[in-house]
Amino acid sequence: MAATAVMSFKTRTRAALRGARATSPQNSALVGLDGFVDTIVTPVAQRTAQGDAFTPIHTIPEFAARIAGAAGKSTNIEFYPLMDKLGGNGPIMANALLAAGTRLTYVGALGRTSLHPVFQDFAARAEVVSLSDPATTIAVEFGDGKLMLGQLRSLDSITLETIDSVMGAEAFRAKLAEVDLVALVNWTMIPNMTSILRALVDEVYPALPSREGRTFFFDLADPEKRSREDLLEVLGIIAGFGSFGTVTLGLNLKEAQRVYAELGFAARGAEEEDLRTIADDIRRNLGLGTVVVHPRESAACATAEGTFWVPGPYTDKPLITTGAGDHFNAGFAQGQMLGLDPEACLTLGVCTSGHYVRTACSPSLDDLEDFLAAWG
């Protein structure tokens, strides 16, 4: 993309964001249903002294070679802890929406008898309903990706019956009816999510009053371990939400390529044309309002208006990568709630993610305006 074109999409987005902020009321969202405590770690290749005096394992192939060398033997790999933080696709996305000024209700796994400490600040700024203890993840970060090592058993208890019991059936339905955005994410790791979504489509939403401007956002969260039959079933249910609002399916590159293959399309790569085609083919096949595909270096989406693509503010030295995709989702959804066009929504998504990976902080809308202005 020529330099003038790159500058123009950033300038257009910054102007559109300023205009929308001046005229839009505060938006509201309900997000769920997971919850994790993330421990971010660096794997140690060679230790020279105590504390942080070590050489890290820099890449996933290097880590894989270390593990492969233990076959028939054993090995010890140290993970050096960097931080414990709020985790899970839902809480991270919700936290980013909060930072951008959205009025937020979170329903998910934040602690059974009391909130886990990593969620205390989040809960002070949002309305939260906790359904179970959080799951846990050790996020092993490398220069070329990350490995998420999770323990998920606590998520087994998340059902519609649990939500109705803890939050109250009437309160849950009232909240679904009033909010601008409903974002239900991490289908892969919540065993009962398909049945929850089916009940919402078949029973709950048909009984609710219609609402202009309602947006649904779904993120599958790496469905590699789920069967083709499971995946196709939930994609069909997600399409059914289109009867009650505008549906967006957000996919990272790996997720998009899996969905694309299961829908019967030939494999494509990660170039601009590939991303546009993948998003458009998935959208048309499933009958969705919007499909978004976001690799690390760029992002594309398809809507009834056509396909759109923007480059990303990629950095090869991120401070943090866990949660980058959830921040992209929050930025894109925030753009939709503000009434921005698809190109601007993509730009808000990559800027929200770009700010986060550089600072480990979720950006405000002021931060996003500054980021757009500074993006060279």
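The values are calculated or read from the model by the stated rules, or taken from the named source; none is laboratory data. Keep in mind that this is a model prediction, so the values were computed, not measured. Heads up, the Cβs are rebuilt from the backbone with ideal geometry, glycines too, and the neighbour counts pull from every protein chain shown.
Would you check which residues across segment 66-121 are among the polar types (S, T, N, Q) and either under 21 Å from the mean Cα position of the chain (by Cα) or closer than 28 Å to residue 366 by Cβ (or both) and list them?
89, 95, 102, 105, 120
Of everything in segment 296-305 that's modelled with pLDDT of 95 or more and in contact with a helix residue (DSSP H, G or I) (Cβ under 8 Å, 6 or more places away or on another chain), which residue is farthest from residue 269 (Cα to Cα)?
305
Looking only at segment 211-245, filter to residues that are among the aromatic types (Phe, Trp, Tyr) and over 14 Å from the mean Cα position of the chain (by Cα); which one of those is surrounded by the most Cβ atoms within 10 Å (Cβ to Cβ)?
Out of the qualifying residues, it is 241.
Quick one: is residue 156 under 21 Å from the mean Cα position of the chain (by Cα), at pLDDT below 95 and surrounded by fewer than 15 Cβ atoms within 10 Å (Cβ to Cβ)?
It is false that residue 156 is under 21 Å from the mean Cα position of the chain (by Cα), at pLDDT below 95 and surrounded by fewer than 15 Cβ atoms within 10 Å (Cβ to Cβ).
Scanning segment 18-69 for residues that are assigned to a strand (DSSP E or B) and β-branched (Val, Ile, Thr), which turns out nearest to residue 116 (Cα to Cα)?
Among those that are assigned to a strand (DSSP E or B) and β-branched (Val, Ile, Thr), it is 37.
Can you tell me how many residues within segment 305-322 are touching a residue at least 12 places away in the same chain (Cβ under 8 Å) and over 19 Å from residue 256 (Cβ atoms)?
Going through segment 305-322 one residue at a time, the tally reaches 8.
Looking at segment 274-327, which of the residues that are among the hydroxyl-bearing types (Ser, Thr, Tyr) and more than 22 Å from residue 88 (Cβ to Cβ) is surrounded by the fewest Cβ atoms within 10 Å (Cβ to Cβ)?
Top of the filtered list is 315.
Run residue 375 past the list (1) closer than 21 Å to residue 148 by Cβ; (2) modelled with pLDDT under 95 and report the number of the one that doesn't hold.
(1)
Going through segment 25-37 one residue at a time, which ones are surrounded by 13 or more Cβ atoms within 10 Å (Cβ to Cβ) and of a type outside the set (A, V, I, L, M, F, W, C)?
27, 28, 32, 34, 35, listed by residue number.
Could you list, in sequence order, the residues of segment 347-362 that are crowded, with 23+ Cβ neighbours inside 10 Å and either at pLDDT below 95 or under 19 Å from residue 180 (Cα atoms) (or both)?
Selection gives 348, 349.
For segment 201-210, what are the residues that are in a helix (DSSP H, G or I) and loosely packed, with under 14 Cβ neighbours inside 10 Å?
202, 203, 206, 207 - these are the residues of segment 201-210 that are in a helix (DSSP H, G or I) and loosely packed, with under 14 Cβ neighbours inside 10 Å.
Within segment 251-288, how many residues are of a type in the set (Phe, Trp, Tyr), over 21 Å from residue 325 (Cβ atoms) and either part of a helix (DSSP H, G or I) or in contact (Cβ under 8 Å) with a residue 60 or more places away in the chain (or both)?
So the answer is 0.
Could you please find all residues in segment 106-155 being touching a Ser or Thr at 6+ places or on another chain (Cβ under 8 Å) and in a loop (DSSP other than H, G, I, E, B)?
109, 110, 111, 112, 115, 126, 131, 132, 133, 134, 143, 144
Just to check your reading of the model, which residue among 248, 188 is part of a loop (DSSP other than H, G, I, E, B), among the β-branched types (Val, Ile, Thr) and surrounded by 16 or more Cβ atoms within 10 Å (Cβ to Cβ)?
Step by step, each of 248, 188 is checked, and only 188 is part of a loop (DSSP other than H, G, I, E, B), among the β-branched types (Val, Ile, Thr) and surrounded by 16 or more Cβ atoms within 10 Å (Cβ to Cβ).
Tell me, which residue of segment 46-89 that is surrounded by 17 or more Cβ atoms within 10 Å (Cβ to Cβ) and in contact with a helix residue (DSSP H, G or I) (Cβ under 8 Å, 6 or more places away or on another chain) is nearest to residue 316 (Cα to Cα)?
Per the criteria, the residue is 57.
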